[in-house]
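Accompanying notes for the structure given below.
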Amino acid sequence: MFKLLVIIGTFCVTSALGQTFENIRTRKDEDKIIVIYDLVSIDPGSKVKVSLFSSLDNYNLQLVDVTGDVGTVTPGPNKRIIWKVSAAVFQNFESISFRFNGENLIGWRILESTKNIFTRGKKNMIRWQGGEAGEQVNIELIHPGSKSENIIQTLNLGSYYWNTPKDIKPGSGYAIRISTIDNSIEHRFSIKRKVPLGYYGIPAGLAIILGVIVGNSRSSDDLPDAPLPN
């Protein structure tokens, strides 16, 4: 995650790793001050955690009486933050400057190290990227036909070892879904047996082969005598 601090007046253009605040402008509207900006991110699928500060307290505390495009924001043009202020602040609008704090949140994706074939009865690793460390994520199993089954709700640590059930039906059409309140990603995969199906036929096959070998190894001395004529 990358952080950006920028002090703005009426207009400002600035950039930092992963994101850019552009075309920033401010105006008054009744008892509110409106800050409008364009938010550009070079990381596809990412979001930015935006907070706003003012010179009234030397930028010590982020503004709380704000609504609109603040908090987790999807990049795009004409983002608006609406700040409801007192009459004194409203009258001194021209002397106030602002500061953005932008924290780039990496876009959600399943990492390539997650396999496309899981073995039942074994621990299979699921790895992903995105969101905030420590937030809650829900991990679900989607069966063929879209039936869903909850696996676990856990902290966003970026990986999870799934103890794949021994009795899950082998085949394709499965998916793992990782979701938060704001995001959801899926990874499609197939299930294979821990022991290939062909292996189960080996004991019976060996018994047949051994029977043939034993039968062929019996010599004429082992056969019973022919009956004597009457």
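The values are calculated or read from the model by the stated rules, or taken from the named source; none is laboratory data. Not measured: the values here are computed from a predicted model. All Cβ positions, even for glycine, are placed from backbone atoms using ideal geometry, and neighbour counts span all protein chains on display.
So here's what we get for this one:
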quantity: Check on ILE191, surrounded by 10 or more Cβ atoms within 10 Å (Cβ to Cβ), under 30 Å from ASN104 (Cα atoms) and at pLDDT 95 or above; calculated: no
quantity: Failed item, numbered, when ILE36 is tested on (1) modelled with pLDDT of 90 or more; (2) in contact with a Phe, Trp or Tyr (Cβ under 8 Å, 6 or more places away or on another chain); calculated: (2)
quantity: Residues of segment 86-133 classified as on the phi > 0 side of the Ramachandran plot and surrounded by 17 or more Cβ atoms within 10 Å (Cβ to Cβ), total; calculated: 2
quantity: Subset of segment 93-106 (residues that are part of a strand (DSSP E or B) and of a type in the set (Gly, Ala, Ser)); calculated: GLY102
quantity: LEU52 being closer than 16 Å to THR20 by Cβ and surrounded by 12 or more Cβ atoms within 10 Å (Cβ to Cβ); calculated: no
quantity: Verdict on PHE90 being part of a strand (DSSP E or B) and of a type in the set (Phe, Trp, Tyr); calculated: no
quantity: Checking SER97 against (1) at pLDDT below 85; (2) touching a helix residue (DSSP H, G or I) at 6+ places or on another chain (Cβ under 6 Å), the condition it does not meet; calculated: (1)
quantity: Segment 67-85: number of residues that are more than 29 Å from the chain's Cα centre (by Cα), at pLDDT 90 or above and buried (at least 19 other Cβ atoms within 10 Å of the Cβ); calculated: 1
quantity: Pick from segment 153-188, criterion on the phi > 0 side of the Ramachandran plot and outside any loop (DSSP other than H, G, I, E, B), ranking: surrounded by the fewest Cβ atoms within 10 Å (Cβ to Cβ); calculated: GLY171
quantity: Yes/no for LEU61 being at pLDDT 90 or above and either part of a loop (DSSP other than H, G, I, E, B) or in contact with a helix residue (DSSP H, G or I) (Cβ under 8 Å, 6 or more places away or on another chain) (or both); calculated: yes
quantity: Filtered residues of segment 54-67 (kept if without any contact (Cβ under 8 Å) to a residue 24 or more places away in the chain and touching a strand residue (DSSP E or B) at 6+ places or on another chain (Cβ under 9 Å)); calculated: ASN60, LEU61, LEU63, ASP65, VAL66, THR67
quantity: Selection count, segment 107-129, where residues are part of a loop (DSSP other than H, G, I, E, B) and in contact (Cβ under 8 Å) with a residue 60 or more places away in the chain; calculated: 8
quantity: Check on ILE168, out of contact with any helix residue (DSSP H, G or I) (no Cβ under 9 Å at 6 or more places or on another chain), closer than 21 Å to ARG188 by Cβ and without any contact (Cβ under 8 Å) to a residue 60 or more places away in the chain; calculated: yes
